[in-house]
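The values are calculated or read from the model by the stated rules, or taken from the named source; none is laboratory data. These numbers were taken from a predicted model, which means no experiment stands behind them. When we count neighbours, we look across all protein chains shown, and the Cβ atoms used for this are built from the backbone with ideal geometry, even at glycine. When the accessible area is computed, the model is the full protein with side chains, heavy atoms only, and any ligands, DNA or RNA have been set aside. Shrake-Rupley method; radii C 1.70, N 1.55, O 1.52, S 1.80 Å.
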Amino acid sequence: MAVVGLTALATVGATVSVTAAAPAESDPPRVTVAMETAPAHPALATAKQAAAAPSWCRPGQNEYNRFQACTVSNGTFTVTHNRQVVGRLNFTVTQHIGLNAKSPKFTEQFSLKFTSGAGTVDGFATNLAASCGGSCKATSHVPHTPTRVGETINGTISYSDTTSTKNSTHTSYGLTFTRPGYLSTPAKWSSLTYRCDKGNKAGRTGNYGTGCVFTGYAPFETQQAALPGISKNIARIQKAGPHHYGAYGLHGSPLHRTADATVMKNNRRIACPDGRPRPTGKSCDEYPFASTQEGAANKKAKPGDWGWAWVPVGEQNKQRNILNDFYRHNRILNGDRFWVAVQ
């Protein structure tokens, strides 16, 4: 997130500013820090960015997906003495968090570039502090490099989460520029919320092990578009239903995973009852999927929101594997949102 970044932040679109306490009769020199933050958007739903992020900052400037977030923000620190400005230095912060789908350990890349300045601005020690909540631990490895126009400071923040269930948190950052005899207070901002979990066991999906995701991002399932019968059925129901469940392009409502065996059983019982005669070589395909809260038993469903069709048994078998792999690879737990794109 960049200062704005990873923060995709909790202080969306806000100006984060910090000023030392009101000056006493004899005002000591002090540093005031201000940073402009911008919101981070889901990577597949944003307009083209005005400026490109560095190649190492994925998926794009002020964008995020299920496992990565990139933010870029601008800041200024101003030095005053006796209430007079004696120096001003502008900087850009670029941040990239790369979560790990198969481990509770992950890394953030942090880059701070001093772009322009004048007056008393060189030689202040740069310090970045980082922390996260619950069972998460963050350790900053950003060097305490002195400020200087044209200087770029590169470092990392390492993370580890020891949760035995699941832990949702965010990173809190504090950026300080210090020098003996000067008063200085950190500029503070936060990252996007991320979740590390121990995994779950739900039907055929098995146990996911331990890993982390950005829960604010609803991933897209796209592989069923290769199944002619099933994709046709899904597209038909998505268009017909007033909620357009799972259809991002139709401004619909996302699907929500359910790991409740009773809910899944009721969804199947209503959409594809055992008593319905099966044509040879065909299988009953329902949408929304039985493994979602929006399935046929959904009390909030309106006419057209769910349906079924006969499809080749081979397609149905492939769909099962596609959906289970999608849940596992994206760590879609009970209640998590996702979209289905078949066109």
### Query
Given a Förster distance of 35 angstrom, what is the FRET efficiency for THR262 paired with THR222, based on the Cβ-Cβ distance and rounded to 0.05?
0.75
### Sequence-distant aspartates and glutamates (8 or more away, or on other chains) whose Cα lies within less than 20 Å of LYS265
ASP274, ASP285, GLU286, GLU294, ASP305, ASP336
#### Entry: In nm, spacing of pseudo-spin labels at ALA125 and SER164 (7 Å Cα→C-beta vector)
4.0 nm
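Calculate the dipole size of region 231-295 relative to its Cα centre from +1 charges on Lys and Arg beta carbons and -1 charges on Asp and Glu beta carbons; express the result in debye to the nearest 20.
240 debye
Of the peptides 238-247, 282-291, how do they stack up when ordered by the mean number of other Cβ atoms within 10 Å, highest first?
Ranked from most to least packed, the peptides come out as 282-291, 238-247.
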### Task
Pull up the cross-link candidates among the lysines for LYS102, meaning alpha carbon to alpha carbon under 24 Å and not fewer than 8 places away within one chain.
LYS137, LYS166, LYS198, LYS201
### Query
Around VAL86, which amide H atoms from residues at least 5 apart in sequence, or from another chain, sit under 5 Å from its own amide H, with H modelled in the peptide plane?
VAL79, THR80, HIS81
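Projected area of region 192-282, taken from the Cα convex hull and averaged over every viewing direction, in nm²?
Numbers: hull surface 33.5 nm².
Averaged projected hull area, Cα only: 8.4 nm².
Using a Förster distance of 30 Å, how high is the FRET efficiency between LEU250 and ARG320, based on the Cβ-Cβ distance and rounded to 0.05? Spell out each step's value before the answer.
On the way: r = 25 Å, r/R0 = 0.84.
Efficiency for this residue pair is about 0.75.
Take the Cα radius of gyration of region 148-256 and divide it by 2.2 N^0.38 Å, with N its residue count; two decimals is plenty. Could you put the intermediate results ahead of the total?
On the way: Rg = 22.5 Å, N = 109, 2.2 N^0.38 = 13.1 Å.
So the Cα radius of gyration is 1.72 times the expected 2.2 N^0.38 Å.
Please state the charge dipole magnitude for the chain, taken about the Cα centre, from unit charges on C-beta atoms (+1 on K and R, -1 on D and E), reported in debye and rounded to the nearest 20.
Working: 36 positive and 19 negative charges, 244 e Å.
That gives a dipole near 1180 debye.
Using the heavy atoms of the protein chains alone and a 1.4 angstrom probe, what is the accessible area of the chain per residue in square angstrom?
Here the residues of the chain average 45 Å² of exposed surface.
Beyond 12 Å, what percent of the Cα pairs of region 73-117 remain? Don't jump to the answer; show the numbers that get you there.
Numbers: 677 of 990 pairs.
Distances greater than 12 Å cover 68 percent of the Cα pairs.
Find how much the distance from ARG236 to THR145 grows on full extension, using 0.36 nm per residue of separation minus their present alpha carbon separation; answer in nm with one decimal. Let's see the in-between values first.
Values: separation 91, 0.36 × 91 = 32.76 nm, distance 5.91 nm.
My answer for the length gained is 26.9 nm.
Once every DSSP H run of n ≥ 4 in the chain is given -39500 (n - 2.57) and the sum is divided by its residues, what mean residue ellipticity at 222 nm do you get, rounded to the nearest 500 deg cm²/dmol? List each step's numbers first, then the result.
Working: 3 runs with 41 residues, N = 343.
Per the formula, -4000 deg cm²/dmol.
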#### Entry: With every protein chain in place, region 108-235: carbon and sulfur % of accessible area (1.4 Å)
51 percent
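Could you please report the charge total around THR115, scoring K, R as +1 and D, E as -1 over all other residues with beta-carbon less than 12 angstrom from its beta-carbon? Working shown, then result.
On the way: positive: ARG88, LYS113, ARG148; negative: GLU151.
Net charge around THR115: +2.
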### Query
Using the Kirkwood radius built from alpha carbon pairs, what does the Stokes-Einstein equation give as D for region 271-317 at 10 °C and 1.306 mPa s, in µm² per second?
139 µm²/s
## Note on the structure
For LYS102, the residues 5 or more places away or on another chain with a placed amide H closer than 5 Å to its own amide H are CYS212
### Query
Just one of (i) 32.4, 116; (ii) 22.6, 72; (iii) 25.2, 92 is Rg and Dmax of the Cα atoms in Å as worked out from the coordinates here. Which one is it?
(iii)
### Message
Let me check against my output: what whole-number percent is the relative contact order of region 67-194, with C-alpha pairs under 8 Å and at least 6 apart?
### Response
21 percent
### Task
Would you work out which of PHE124, SER140, PHE67 lies farthest towards the positive end of the dipole of the chain? Charges go on Cβ: Lys and Arg +1, Asp and Glu -1.
PHE67
### Query
Using modelled amide H (1.01 Å from N, peptide plane; none on Pro or chain starts), what sits under 5 Å from the amide H of GLU294, excluding residues fewer than 5 places away?
HIS256
### Query
Pulled fully out, how much extra length does the chain show between SER135 and HIS81, if you take 0.36 nm times their separation in residues and subtract their Cα-Cα distance?
15.2 nm
